[in-house]
Amino acid sequence: MPHSLFISDLHLAADQPRAMGEFRHFVAEIAPHADALYILGDLFEYWAGDDDLGDPFHAEVIAALASLAHHQTLVYLQRGNRDLLMGQQLAAACHATLLDDPAPVDLYGKPTLLTHGDTLCTDDVEYQRYRAMVHDEEFQRLFLSKPLDERKDYISGLRLRSMVEKESKDSAIMDVNDEAVVAMLRKFQYPRLIHGHTHRPGRHEHLVDGHRCERWVLADWHEQGSALRVDVMGCNVILFSSDAADGPALPNIGLL
């Protein structure tokens, strides 16, 4: 049956071989059967700029995604908070299309809205201030004008600081704000919503102005590979075994 796949929050990095093993398996065995693959942010643990395409680890990820063109699987990339500097050069190398955030799409007759999800976490006021800063065009222009190594060092420092700050934050403020979700659903005329970022996978229902809207949260790949499969019948979750890092593994498909 024609279908599309949705993933996010892979956080691929050279020092995370298990996740990379599952990514290789996913791209080789699962994604080629889909009409389209949508990556809703945080494909990489970080992305310092499109002048880092030649890094051997990045080159492997890019080549894997580009190979899907041979199977007529369309690839769509949406920027996340870790890889917000992904640009057109990266997209072209992956044979992918960059999506705006949020991005309305029609999936087999069902209006659907795609977003990374961090804009919905409005209770985390400190993060939203940071997000506004790094999404500023002038900030990005100045940052990308710096040498690549300097950018990577800066990002490494941010990652360490973020890990420390998360330890002291109330986990509730790092989840979506219901009012922000309702506002987005209302603005886009009550679609189905798919997002990542929060690392709290599941299906939720929101009643908005008499319209019942479903919201699907994508899982991260910290412990196991996961994708959301969407077809004309609806959505279901695909989990692939952690053994995929060591060899082929069959996906476990379960309805939620």
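The values are calculated or read from the model by the stated rules, or taken from the named source; none is laboratory data. Because the structure is a prediction, the values reported are computed rather than measured. So basically every Cβ, Gly included, is an ideal-geometry build from the backbone, and we count neighbours across all protein chains shown.
Things to note:
- Residue in the stretch 68-82 that is crowded, with 16+ Cβ neighbours inside 10 Å, touching a residue at least 60 places away in the same chain (Cβ under 8 Å), touching a helix residue (DSSP H, G or I) at 6+ places or on another chain (Cβ under 9 Å) and not small (Gly, Ala, Ser) present: yes
- Single condition Glu138 does not satisfy, out of (1) over 22 Å from the mean Cα position of the chain (by Cα); (2) of a type in the set (Asp, Glu); (3) assigned to a strand (DSSP E or B): (3)
- Complete set of residues in the stretch 1-17 that are farther than 27 Å from Thr115 by Cβ and either in contact with a Gly (Cβ under 8 Å, 6 or more places away or on another chain) or not hydrophobic (A, V, I, L, M, F, W, C) (or both): Asp15, Pro17
- Whenever a residue of the stretch 195-212 is modelled with pLDDT under 95, it has no partner that is surrounded by fewer than 18 Cβ atoms within 10 Å (Cβ to Cβ) and not charged (D, E, K, R) lying with C-beta atoms less than 7 angstrom away and at least six residues away or across chains.
- Filtered residues of the stretch 104-125 (kept if under 13 Å from Gly80 (Cα atoms) and either surrounded by fewer than 17 Cβ atoms within 10 Å (Cβ to Cβ) or in contact with a Pro (Cβ under 6 Å, 6 or more places away or on another chain) (or both)): Thr115
- Among all residues of the stretch 157-177, there is none that is in a helix (DSSP H, G or I) and either at positive phi or touching a His at 6+ places or on another chain (Cβ under 8 Å) (or both).
- Test: residue in the stretch 168-175 that is touching a Ser or Thr at 6+ places or on another chain (Cβ under 9 Å), of a type in the set (A, V, I, L, M, F, W, C), surrounded by 12 or more Cβ atoms within 10 Å (Cβ to Cβ) and touching a residue at least 60 places away in the same chain (Cβ under 8 Å): no
Conditions (1) touching a helix residue (DSSP H, G or I) at 6+ places or on another chain (Cβ under 7 Å); (2) surrounded by 11 or more Cβ atoms within 10 Å (Cβ to Cβ); (3) among the polar types (S, T, N, Q), marked per residue:
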position: Tyr130; (1), (2), (3): no, yes, no
position: Val164; (1), (2), (3): no, no, no
position: Phe188; (1), (2), (3): no, yes, no
position: Gly196; (1), (2), (3): no, yes, no
position: His211; (1), (2), (3): no, yes, no
position: Arg215; (1), (2), (3): yes, yes, no
position: Leu218; (1), (2), (3): no, yes, no
position: Trp221; (1), (2), (3): yes, yes, no
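- Inter-residue pairs, beta-carbon under 6 Å, first under 18 Å from Leu218 (Cα atoms) and in the stretch 94-120, second surrounded by fewer than 22 Cβ atoms within 10 Å (Cβ to Cβ) and of a type in the set (Phe, Trp, Tyr), 6+ apart: Leu99/Tyr76; Pro104/Phe188; Leu113/Phe188
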